[in-house]
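A.B. asks: Input: one structure, supplied below.
The values are calculated or read from the model by the stated rules, or taken from the named source; none is laboratory data. Since the structure is predicted, the reported quantities are computational estimates derived from the model, not experimental observations. No Cβ is skipped: glycine too gets one built from the backbone with ideal geometry, and neighbour counts run over all protein chains shown.
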Amino acid sequence: MRRKGEERRQWILQKLLSEQFAVKGGVLAEEAEVSRQVIVNDINLLKVAGHPIVATSQGYIILSNASTGIIRERIACRHMPENTMDELNSIVDCGVTVEDVTVEHPVYGEISAQLLLSNRNEITSFLTQIQTRKATLLLEMTDGTHLHTLAADSQEKLDAAKEALREKGYLVED
């Protein structure tokens, strides 16, 4: 059913709130019978209106207010691109979500991307997209050094993830 402007944006919000997983823009476009670019514009308008929508490699999600009790910590890592899957799996295997990745670019300053990876399937999908689209990992813009924001429901899980990274030599510490 083709929807107009505000009605379509409200439909997008309801769709994102009702889904357990990220929703691809192409799926939203197909269901709303509009172009992918219309959906991108709608998402941007919803963000400007204050809705906490995040674009991830798996699609769009809306952050819920149910994130109370979540502990976040920013860590620094360094490794070669071929170690990315091992690094990410080491984190999620401890029950921790990798929310983002950030690198320090010499011209642009900090460049960040939302990841929101919380299991091995999401990691495989993310890395498959990198490979099939011939994209580069942000860490390739540096010597492999990058930051991650990690999120978990306990400090113990965050500590376990950091220990796993430490053991593999990926964690950068003072």
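A.B. asks: Criterion first (over 15 Å from the mean Cα position of the chain (by Cα) and within 26 Å of Phe21 (Cβ to Cβ)) does Gln131 satisfy it?
C.D. replies: Yes: the conditions hold for Gln131.
A.B. asks: Within the stretch 35-56, can one find any residue that is more than 23 Å from Glu122 (Cβ to Cβ) and either in the same structural domain as Leu158 (by TED's automatic domain parsing) or of a type in the set (Ser, Thr, Tyr) (or both)?
C.D. replies: yes
A.B. asks: Looking only at the stretch 136-150, decide whether some residue is within 17 Å of Val96 (Cβ to Cβ) and without any contact (Cβ under 8 Å) to a residue 12 or more places away in the chain. Give the derivation first.
C.D. replies: Step one: filter the stretch 136-150 for residues within 17 Å of Val96 (Cβ to Cβ), giving 146-150.
Now narrow it down to the ones that are without any contact (Cβ under 8 Å) to a residue 12 or more places away in the chain: none.
No; the residues of the stretch 136-150 include none that is within 17 Å of Val96 (Cβ to Cβ) and without any contact (Cβ under 8 Å) to a residue 12 or more places away in the chain.
A.B. asks: Kindly establish whether Glu110 is surrounded by fewer than 13 Cβ atoms within 10 Å (Cβ to Cβ), more than 30 Å from Gln10 (Cβ to Cβ) and at pLDDT 95 or above. Let's see the steps before the verdict.
C.D. replies: Details: surrounded by fewer than 13 Cβ atoms within 10 Å (Cβ to Cβ): yes; more than 30 Å from Gln10 (Cβ to Cβ): yes; at pLDDT 95 or above: no.
Answer is no for this residue.
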